[in-house]
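Q: Provided herewith is a single structure, encoded as structure tokens, for subsequent inquiry.
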Amino acid sequence: MKPHPHRDLVLINAAGFLRSLGVGLMSVVLGIYLFRVGLSSITIGLVIAAGLTGSALATVIVSFAADRLGRRQSLLFLSLLSAIGGLALALSPALGVLLTMAFIGMLNGTGTDRSASFALDQAIVPGLAPDSKRTWNLAWYNVLLDGGGSLGALCAGLPVFLQHYLSFSLLNSYKTLFFGYSTLYLIVAILNSFLSPAVEVSNPPAPAKMSAGMTSENKRILAKLTALFSLDAFGGGFLTDALVAYWFFRRFGVAEHDLGLVFFAVHILNACSHLGAAWLARRIDLVNTMVFTHLPSSLFLSPAPSADSFRLPRTAHL
């Protein structure tokens, strides 16, 4: 098979879009569905944690092994495993089996695709174009991910649609949705199977040699970035989209289709922010862009728990 970098970029973007569509869907309905089938808040948290733990472990494994085993094969295998997450919810097994399947299927309730497949894509995309296009290619890749997530959030209203217009029971509507989620990942696996050798690394070095080739300064920078990302991820773990949607559902009684609209808007705004970040990075550099754009979002988020209503306050007429 001949290398086809441009076609590979299209395939990776398409696969990422579909993968994120499933993540966006799961971010809204996961916690609510688990509540509807009778699980407690603690158990819902355990299911979400099991999926994130599986995703974290898979990311560690592919970091060390994907270049030697083959990036295309790794992406294909990860896609097939992810389909198990949808089956776990559709089949409603016993709790122990559900937790195991959520772990193996890397069930993602965060609302953003930060999976092992995402990590591999981030390693592949910069190598498929000249350095001058690297930042923009990554920006457009992330725009497509957030675009997929926004459409997935809109699909959260499908269970209600199936219930009202096709006379499905609500739980059967959810199960149909989860089978569709698994089908998405099977399509992603097919797309990944067409990737060319351009995505691979020739004669990949062993992890020990890679570390030995780094300067002490680079190691310090990497350690600082890792600590920063870990702290950010730790905070994000308290606020996954699935838990936020569940909180809105329990506290304010917001229906799935309304939550889908909210998260659709959130993902659209986030998608636009990637293009703004690429423009801003050229002016204030990458690290400053990463750090200072977090501040406004944190300030706007902090008053949310004290809200007494889901609706915007009405402006008084003078």
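Q: If each of THR176 and ARG251 carries a label point 7 Å out from its Cα toward its Cβ, how far apart are those two points in nm?
A: 3.3 nm
Q: Treat each spin label as a single point 7 Å out from the Cα along the C-beta direction, and report the CYS272 to ARG36 distance in nm.
A: Each label point lies 7 Å from its Cα, and together they span 3.1 nm.
Q: Using the structure shown, select from LYS133/LYS175; LYS2/LYS219; LYS133/LYS224 the pairs with a Cα to Cα distance greater than 30 angstrom.
A: LYS133/LYS175; LYS2/LYS219
Q: Moving on. In the chain, what percent of the accessible surface is made up of carbon and sulfur (1.4 Å probe, ligands and nucleic acids excluded)?
A: With neighbouring chains kept in place, the figure for the chain is 69 percent.
Q: Grab the Cα-Cα distance for SER216 and HIS164, subtract it from 0.36 nm times how many residues apart they are, and report the gain in nm with one decimal.
A: Numbers: separation 52, 0.36 × 52 = 18.72 nm, distance 6.22 nm.
The SER216-HIS164 span can extend by a further 12.5 nm.
Q: With a ≥ b ≥ c the root eigenvalues of the C-alpha gyration tensor of region 95-141, is it rounded (a/c under 1.5), prolate (a/b larger than b/c) or oblate?
A: prolate
Q: For region 63-106, max minus min Cα coordinate along each principal axis, in Å, sorted largest first?
A: So the extents along the principal axes, rounded to whole Å, are 37, 16, 9.
Q: Here is a follow-up. Grab the eigenvalues of the alpha-carbon gyration tensor for region 17-59, scale each by 5, take roots, and send me the semi-axes largest first in whole angstrom.
A: Working: eigenvalues 80, 48, 5 Å².
Gyration-tensor ellipsoid for region 17-59: 20, 16, 5 Å.
Q: Helix check for the chain. Which DSSP H runs span at least 18 Å along their own axis by Cα, with a mean Kyte-Doolittle hydropathy no less than 0.5?
A: 5-36, 41-69, 71-91, 170-193, 256-284
Q: Run lengths n ≥ 4 of DSSP H only: what is the helix-derived mean residue ellipticity at 222 nm for the chain, with -39500 (n - 2.57) per run over all residues, to the nearest 500?
A: -25000 deg cm²/dmol
Q: In square angstrom, what is the accessible area per residue of region 96-155 with a 1.4 angstrom probe?
A: Details: 2230 Å² over 60 residues.
Normalised by residue count, the accessible surface of region 96-155 is 37 Å².
Q: Run the quick spin-label model on LYS133 and LEU299: label points 7 Å from Cα toward the beta carbon, then report their separation in nm to one decimal.
A: In this crude spin-label approximation the distance works out to 3.8 nm.
Q: Within region 80-104, which residues have the backbone N less than 14 Å from the label spot 7 Å out from LEU186 along Cα→beta-carbon, could you tell me?
A: 80-88
Q: If you average 1/r over every pair of different alpha-carbon atoms in the chain and take one over that average, what Kirkwood value in Å do you get?
A: 20.8 Å
Q: Sticking with this one: Between exposed trypsin sites (Lys or Arg not before Pro) in the chain, where DSSP calls loop and at most 12 other Cβ atoms lie within 10 Å, what's the longest gap? Display every interim value, and only then the final one.
A: Working: sites that count: ARG311, ARG314.
Between exposed loop sites, the widest span is 1-310.
Q: Once the other residues with Cβ under 14 Å from the Cβ of TYR181 are scored (Lys, Arg +1; Asp, Glu -1), what is the net sum?
A: Surrounding charge for TYR181 is +1.
The values are calculated or read from the model by the stated rules, or taken from the named source; none is laboratory data. Just so we're clear, the structure is a prediction, and the values are computed from it rather than from any experiment. Backbone-built Cβ (ideal geometry, glycine too); neighbour counts: all protein chains shown. What goes into the accessible areas is simple: the full protein's heavy atoms, side chains included, and nothing from ligands, DNA or RNA. Shrake-Rupley method; radii C 1.70, N 1.55, O 1.52, S 1.80 Å.
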